[in-house]
Amino acid sequence: MRLVSSFIFGFSVCILLKTSSGFAQPATFEWQPVAPGVWKSVVGTSDGVTPLGIAEVKPRLDGLQKLGDIAFPALLGESVHEKADGKTLLRFPLKPGEQLFGLGLNFKTVQQRGTIKTLHVDHYNGKDNGRTHAPVPFYVSSLGYGVLINSARYITVYAGTGVLAEGKNAPPEMNRNSQKNWNPQPYSDAVEMVVPAAGTEVYVFAGRNAMEVMQRYNLYCGGGTLPPKWGLGFTHRTPTLFTDEQILKEVAEFEAKGYPLSFVGLEPGWQSHSYPNSFVWDSVRFPKPDRFLAQLARKNIRSNLWINPYVSTHSPIFKDVLPYTGSHTVWVGRVPDFNTAPARRFYKELFSKQHLSVGVSGYKVDEVDGYDNWLWPDVARFPSGIGAEQMRQIYGLQFQKMTDDWFRERNQRTYGLVRASNAGSPALPYVIYNDYYDHRDFITALCTSSFAGVLWTPEARSSKTSEEWLRRMQTVCFSPMAMLNAWADGTKPWTFPDVAEDVKAVMLLRMQLLPYLYTTFAQYHFEGKPPIRAMNLVDGFSFDERATAGSLNSTENPYAMAVKKDIKDQFMVGDYLLVAPLFAGETSRNVILPPGNWYDFYTGKLAGAGEVIAISPGLAKIPLFVKEGGIIPMIPPVLHTPAETEKLPLTVRHYGKTEASWTLYDDDGQTFDYDRGRFTWTKLDVKKNKKGELTGSWIAPKDLAFHYTTVSWEFMTR
C-alpha cells in the first residue's frame, strides 16, 4: 500500500493508509498563500494564544510585494503532520548538504542542523538546548525557505537527528567492527517537532536565498523596528541607588572627558520600593523627577527606567490589580495577567502618569525570562485562563507590545531592553540582554539574532584587564545598542587609563557612523534586512566550507564527524561593513572574506577577495572591512545624538574602484511621522568621469526633516 497525495498551492489531498509497520501514514499540509512568498497551514485545532497574535503583527505588504512572488518550496510539499498522545507531530524534509539556521537566539553555534532543542523562554545558562531569551520556533534553510511554528508552547525540535525506520532516505546499516567510515550519527533527512497541543499554525517563507527568507519573515511581522536616533547613540546604566544629582554628575563627567552619551539607564533604586516594585519615584533620591528629566533633556540625553512587572503592596495600583494577578508570586510580587483588560489599563494609567508624562523615554524590562526557581512554575494559574506554559512563552513579548503601544499613542518612539521575546517581535523596539558574560558567545549571539528576528547587545559591564575592556567596548559599538551596563561596579569608559583614548575613539566612531546605522535600520523596517547579519546572509557567501571536528579515536573522540564550518566570530553591519573582533589574549586571527574585493575600513587598502586572510591588527582598533563599492556616510564626531532641528555636514566614504550608488535614509528621528510619508531617501552616486576618475554626486532634499547640509567625498582606495 502507498500514500496517494497531490499538492497544489491551495490544498492537498491525503489518503491515510497503513505502513508495513502498522502505523497510520501522517497527513500532508494544506498550504494557503497569505502574502507574497508566505504560506500558512492550520494543523488540528490551533491554540487561542500565539506569539504572532500577541504581537498583533501587521504585515508590511508593500515590502513583501517589492520582493515579488515566488513559488512554494517544492521540497516542503513532502511535509507531514500527525496527532499522537494529545500532541501534534510535525515532519519537514531535508536534503543532503542542506544547512539550518535560527531556532531562536543561540550563543554557541550559528548552524543548527544536527541539534536537539526544547524551545523554552529562560535565562541562558551556557547551553544551546533551546532554553534561551528568545526561543523563536523558526528555522531558515540554506536552500531558500523558512518554517515558523506559531505556537506559545515548549516545542521540541529534532533538527536533522531522528532516523525514520521506513524513511525514503534511510541510511544503510554499517558494521563498526570492520568499516572505518562507520558513522555514529546516521544520516537524518528531516526536521521533526513535537508541539504539546492539539494543533498549531505553521508558516512557510520562501526566498531566492537565506537573506530574502529573513526579509519576508521580518516584513510579515511588520518590518523591523526603526529606533529613535538617540537609541543608536551610547547608553550608560548608573549604579542602583544613585540619586538624581549623582546621575547628573556622571552625565557631566562624560561630557567633560569627551565621551559620547545619548541616554542613561536608572536601575531599581529609582523606585520607592523594588523587588517587588512600586513603579513610583523614590521621593528622597528623586524629589522632582520632572525637573531631573528636563535637565537631561536640555543636554539632549534621554532616560530609561529599570522595571520588572511584579507589583508590590507598596504600589498605588496593588489593590486594584490584585484580582487580575496569577496564583504564584515572583520575589513575593504579584504577577499581573496582561491578557485581562483591567490589568493593562491599571499599568498604563500608572506608567503614563509616573513615567511617560514627565519625560521617560523607555524601559529595561528585567526578569521576564527565568530561571525556573524565580518565575512562576508551570502549575501556576492566571485569571485569563491561559496556561502557565504559554504565559511563560509570551510574557516578555506581551510587555514589549503593550509599552510600545503607549509610546505610539504619543507619537513618540522608544528603544529599550528586555530579557524575553518570541516570534513576531521584529517590529518591537527592544534589544535583548542578559546576565551571562562570555564575550565570544556574545558575538555568536549577534550572529544568531539575525536568524531569529530579534536584536541583541553584547553589553560591557566589567573586565579583568584593560585589554579585555577595550575589546568588549569595541564590539559594543558595533551592535544594535551600544551599552555600558555598569550598575553593579561603576565601571566607566575611562576606568582603564591605558586604553581610555582608544575606548573614546571607538565610541566616537559609533557616533560618526550614525547616518549609516540609521539607514541600515531603515532597511530593516522597510525592506526586512536585519541590521546585524550573520555571514551566511551575505549574497554569494559559500555554505560549503568544511571543517573537521577531529579524527575518530576510541578514547579521545569516539564520535567525531565532519561538520560544516560555523562562522560565528565575524558579522556584517548593514550592506557594506564586515566586523571581525578580537578577544582578550588574541593578537591575530583569520577573517573569511566573501566573494569580491574587500578593503580595510581605516586605510582603504585592498585586504583580499573571496579568501581567508590572516590579520594582526594591534589593540587600538577593531578590524573592519568594506565591500567593493561600499558607500559609508559619516558625520563629525559628536557627544550626543543630533537634535531634531540640528543639521550637520556629511562625509561620504567610498571604497574600491567601481562605480556605486546607495540611498541614505532620514526622518525626524523621534516620531512615527515616517508612517505618514515624512521621510527621505537620498541617492548617493559615485561615477567615473571622462578621465576615469571617481566622482560623487547627490541632490539634497528640501524636506525640513533632512539633517545634513553639505557632502564631502572621500575616495579611500587610491
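The values are calculated or read from the model by the stated rules, or taken from the named source; none is laboratory data. Since the structure is predicted, the reported quantities are computational estimates derived from the model, not experimental observations. Cβ atoms come from the backbone with ideal geometry, glycine included; neighbour counts cover every protein chain shown.
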Across region 348-380, the tally of residues that are modelled with pLDDT under 95 and of a type outside the set (A, V, I, L, M, F, W, C) stands at 4
Only one of TYR436, TYR430 is aromatic (Phe, Trp, Tyr) and buried (at least 23 other Cβ atoms within 10 Å of the Cβ), namely TYR430
* Flag if PHE107 is in contact with a helix residue (DSSP H, G or I) (Cβ under 6 Å, 6 or more places away or on another chain) and on the phi < 0 side of the Ramachandran plot -> yes
Taking region 196-211 and keeping only residues that are among the hydrophobic types (A, V, I, L, M, F, W, C) and closer than 18 Å to GLN99 by Cβ, one is left with VAL204, PHE205, ALA206, ALA210, MET211
In region 460-476, residues that are surrounded by 23 or more Cβ atoms within 10 Å (Cβ to Cβ) and not in a helix (DSSP H, G or I) total 1
Selection from region 108-144 of residues over 16 Å from ASN434 (Cβ atoms), within 17 Å of the chain's Cα centre (by Cα) and in a strand (DSSP E or B) yields GLN111, LEU119, PHE138, TYR139, VAL140
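In this structure, is VAL191 closer than 23 Å to GLY207 by Cβ, surrounded by 15 or more Cβ atoms within 10 Å (Cβ to Cβ), over 20 Å from the mean Cα position of the chain (by Cα) and not assigned by TED's automatic domain parsing to the domain that holds LEU446?
For VAL191, the condition - closer than 23 Å to GLY207 by Cβ, surrounded by 15 or more Cβ atoms within 10 Å (Cβ to Cβ), over 20 Å from the mean Cα position of the chain (by Cα) and not assigned by TED's automatic domain parsing to the domain that holds LEU446 - is met.
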Please determine whether any residue of region 174-183 is in contact with a Lys or Arg (Cβ under 8 Å, 6 or more places away or on another chain) and over 24 Å from VAL368 (Cβ atoms). yes
Condition set within 12 Å of TYR363 (Cα to Cα), in a helix (DSSP H, G or I) and of a type in the set (S, T, N, Q), scope region 398-420, selection farthest from the chain's Cα centre (by Cα): answer is THR403
The number of residues in region 451-461 that are in contact (Cβ under 8 Å) with a residue 60 or more places away in the chain and farther than 12 Å from PHE138 by Cβ is 2
Counting only helices (runs of 4 or more DSSP H) wholly inside region 283-387, the ones holding at least 3 residues that are of a type in the set (D, E, K, R) are 289-298, 341-354
Flagged in region 212-232 as under 18 Å from GLY102 (Cβ atoms) and either touching a Lys or Arg at 6+ places or on another chain (Cβ under 6 Å) or in a helix (DSSP H, G or I) (or both), in numbering order, are GLU212, VAL213, MET214, GLN215, ARG216, TYR217, ASN218, LEU219, TYR220
Matching residues in region 26-66 (modelled with pLDDT under 95 and loosely packed, with under 14 Cβ neighbours inside 10 Å) number 2
message = Condition (residue is closer than 21 Å to MET572 by Cβ, assigned to a helix (DSSP H, G or I) and either in contact with a Pro (Cβ under 7 Å, 6 or more places away or on another chain) or without any contact (Cβ under 8 Å) to a residue 40 or more places away in the chain (or both)) applied to region 485-497: is it met by at least one residue?
response = no
When region 257-283 is checked residue by residue, the ones that are buried (at least 20 other Cβ atoms within 10 Å of the Cβ) and of a type in the set (D, E, K, R) are GLU267
For region 70-116 the number of residues that are over 28 Å from MET535 (Cβ atoms), touching a Phe, Trp or Tyr at 6+ places or on another chain (Cβ under 8 Å) and crowded, with 23+ Cβ neighbours inside 10 Å is 1
